[in-house]
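Here's the structure we're looking at; comments come further down.
The values are calculated or read from the model by the stated rules, or taken from the named source; none is laboratory data. Quick caveat: nothing in here was measured; it's all calculated off a predicted structure. Cβ sites come from the backbone with ideal geometry, for glycine too, and all protein chains shown count toward neighbours. Surface areas here come from the heavy atoms of the whole protein model, side chains and all, with no ligands, DNA or RNA. Shrake-Rupley method; radii C 1.70, N 1.55, O 1.52, S 1.80 Å.
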Amino acid sequence: MPIVNIQLIEGRTPEQKEALIEKVTAACVESIDCTPESVRILLSDVATQDFGVAGESVAKRRAAKAPAS
């Protein structure tokens, strides 16, 4: 039974997550010859302040790129 753990920066729609689950399941079935019923997928949303890139949180990086109001 494959178990796939995917962490995403928050902000995806439920429809995007459903599409991801469907396509990752299909990839597992095709690549390791398992049944769709045996595939388990865990999606975890990570808050932008809890995810860092190049020494900064994603929240800080996005704030720096946002146009001034």
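Taking first residues from the stretch 31-56 that are in contact (Cβ under 8 Å) with a residue 40 or more places away in the chain and partners that are part of a helix (DSSP H, G or I), the Cβ contacts under 8 Å between residues at least 6 apart in sequence or on separate chains come to Phe51/Val58. Only residues that are open to solvent by less than 90 Å² (accessible area, probe 1.4 Å) and either assigned to a helix (DSSP H, G or I) or among the polar types (S, T, N, Q) (or both) were counted across the stretch 34-67, and they come to 11.
Taking the criterion of being under 30 Å from Val58 (Cα atoms), out of contact with any Asp or Glu (no Cβ under 7 Å at 6 or more places or on another chain) and not in a helix (DSSP H, G or I), the residues of the stretch 3-33 that qualify are Ile3, Val4, Asn5, Ile6, Gln7, Ile9, Gly11, Arg12, Thr13.
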